[in-house]
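Quick notes on the structure that follows.
What follows draws every value from the coordinates through simple rules; no lab data is involved. These numbers come from a predicted model, not from an experiment. Every residue, glycine among them, receives a Cβ derived from its backbone with ideal geometry; neighbour counts consider all protein chains shown.
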Amino acid sequence: MIANHPAETTVAAPRKLFYALWPNDAERAALAALQAGVQGRLTPRAKLHITLAFLGQQPADTVPTLLAILEELTLPPLRLEIDCYGYFARPRIAWAGMTQVPPPLMDLQADLVRRLEAAGISAATHGSFKPHVTLARESREAPPAAPFAPMVWQVDRAVLVESLPGGQYVVIGR
């Protein structure tokens, strides 16, 4: 039997990662208030965000590249008006989103995906980008179609987030 050489390094475990627009505390409170209109397992307030690109499990050694992509990304002035509910039937997700998505948001997401592809990293896309805040999972029905006063979100940061076992989110890059 041959013992491992002490100089050998162990491979770090993959990390579950995604890029997101991250609200401040006041915006997060306003988003949480929208949960009163939905049913299901509510998303904890601290986890409310808009995903720009879900990366899934990534080798730990890709993190420096992902942070460099984030640093190079130009965040345009974005004023989001969260003004409608929506529902993804298959995963049973109730969400809040925008009836009019600002073109700069779509451009930002497309730029991010291009940068990821250029680095050889695939972002999981489930069809076209549909910016939304997941309010509840396991929702048995769509939220009411009734309009509500728009929640205004002045986006000031995009982040790289790690989803840890147990469901905690940790921002690892701004």
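Numerical summary
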| quantity | calculated |
| --- | --- |
| Around Ser163: net Lys/Arg minus Asp/Glu count, Cβ-Cβ under 12 Å | +2 |
| Estimated [θ] at 222 nm from DSSP helical runs (n ≥ 4, -39500 (n - 2.57)) normalised by residues in the chain, nearest 500 | -6000 deg cm²/dmol |
| Karplus-derived HN-Hα couplings along segment 38-49 (A = 6.51, B = -1.76, C = 1.60, θ = phi - 60°), whole Hz, x at Gly and Pro | 10, 10, x, 7, 5, 5, x, 3, 5, 9, 6, 5 |
| Estimated vicinal HN-Hα couplings, Hz - segment 90-99 in sequence order (Karplus 6.51, -1.76, 1.60; Gly, Pro = x) | 5, x, 6, 10, 9, 9, 10, x, 10, 6 |
| Percentage relative contact order, the chain, counting C-alpha pairs under 8 Å, at least six apart | 34 |
| Mean-position separation - Cα centroids, segment 133-174 and segment 39-76, in angstrom | 11 |
| Over the chain - Rg/Rh using Cα atoms and the Kirkwood inverse-distance radius | 1.04 |
| Distance cut-off 21 Å, percentage of C-alpha pairs in segment 59-141 lying past it | 44 |
| Long-range amide H partners of His49 with built H, under 5 Å | Thr134 |
| Neighbour net charge for Pro91 - beta-carbon separation under 10 angstrom, K R +1, D E -1 | +2 |
